[in-house]
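> Have a look at the structure that comes next, please.
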Amino acid sequence: MGVLGSLTIALALWVWLSSRARSRIRALASVDSKAESASVTSNQQHRGHLKETRLQMVAQAPVVADLLSASVAAGASVPDALDVVIAVIDEPMRGKLQSVRASGQLGAPATAAWADLLDDDALAPIAGAIIRSARTGASISSVLDAAAVDLRHTHRAQVEVAARSAGIRSVAPLALCFLPAYLLVGVVPVIAGFAESLFG
């Protein structure tokens, strides 16, 4: 076999090996791309779920404040009023309040049981009112009424922001539909007419 035959075989072998390597690299890249896409989708779903939970809690917080205030005004203790609220409120708020109630049943003082909720924007005004009342002995009903009013304002502001962003998001697809139509109907004929008059 001559030098030319050896070079031909070596070249064929090199092409074959490089094509196999490229196919493996493409397969690995495809697997990585799918895994990354699944991870991004999972993160987006998680963020969407957290945002939805947050909005639900902000909507439920004024109801919780009103129910606690009415129960306390009717003569119930804070733990008994909390039992009433837990019985009628839905998730996700119910879980938060159940953890507070469980801490109280295990002997934690109200200041400690409600302290974990001070970091939660939706429940911080309620927790703060109950902690202040436990420390000072002040009437809690009027403070909870004021907290309910503030929480309603917060909820209304969030709903307005969500409505405005939904309006903006709904306009974007329309723009994507109308822009190509505008270019085809308005811009292309003008350019075509200009080109025809220039070169015709």
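> Contact list please: Cβ distance under 9 Å, first residue in segment 153-165 and of a type in the set (S, T, Y), second residue in a helix (DSSP H, G or I), pairs at least six apart or on different chains.
If the second residue must be in a helix (DSSP H, G or I), the pairs left are T154/V58; T154/A61; T154/P62; T154/P125.
> OK, next. Could you list all residues from segment 83-103 that are closer than 14 Å to Q60 by Cα and not small (G, A, S)?
V85, I86, V88, I89, D90, E91, P92, M93, R94, K96, L97
> Say we look at segment 67-90 and pick out the residues that are touching a residue at least 12 places away in the same chain (Cβ under 8 Å) and not in a helix (DSSP H, G or I); which of these is most open to solvent (accessible area, probe 1.4 Å)?
By that ranking, first place goes to D90.
The values are calculated or read from the model by the stated rules, or taken from the named source; none is laboratory data. The structure displayed is predicted, hence computed values, not measured ones. Note that we place each Cβ from the backbone using ideal geometry, even for glycine, and neighbour counts take in every protein chain shown. What goes into the accessible areas is simple: the full protein's heavy atoms, side chains included, and nothing from ligands, DNA or RNA. Shrake-Rupley method; radii C 1.70, N 1.55, O 1.52, S 1.80 Å.
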